[in-house]
Amino acid sequence: MSRTKALYLIAAATLIGGQAYAQTATSQIPPQNSKKLSQLVASVEQRDKFQYVKDIEWDDDGYYQITYYTSDKAKVEIKLDPVSGQPR
C-alpha cells in the first residue's frame, strides 16, 4: 500500500470515529422541573437599571449564563439556577 493511500485511510478513520463520538455524546439539558426560560429572563428584566439582554447560554454545568447591559452601559453576566431562578 502506498504511503499516500495509508494517510487517506487514517484521515478517513479519524473523521468517521469523530462523528460517531459526537453522535453518542450526551448533551446536558435543563432538568424537567426547571422554570421556563421566559420566566428567568423576566426576572433579569426586573433588575435595577436593566437595559437589554445580549446573550443567553446553557452551560453543561447546569445553569443559564445570561449577559445583559444596564442603562449606564455596564455589562453584567449572571448565572441562574434553572430550577430556583436564583443566581449562583
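FYI, it's all coordinate maths here, none of it is from the lab. The structure presented is a predicted model; accordingly, all values stated were derived computationally and were not measured. Glycine gets a Cβ as well: all are built from the backbone with ideal geometry, and neighbour counts include every protein chain shown.
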Using a Förster radius of 35 Å, what is the FRET efficiency between GLN65 and ILE10 based on their Cβ-Cβ separation? Nearest 0.05, please.
0.35
Compute log10 of I(q)/I(0) for the range 35-88 with the Debye formula, placing one identical point scatterer on every Cα and leaving out solvent, at q = 0.14 Å⁻¹, to two decimals.
-0.32
Anchor LYS36: lysines whose Cα lies under 18 Å away (excluding residues fewer than 8 positions away in-chain):
LYS79
For ILE56, net neighbour charge (Lys/Arg +1, Asp/Glu -1) across residues whose Cβ lies under 13 Å away
-2
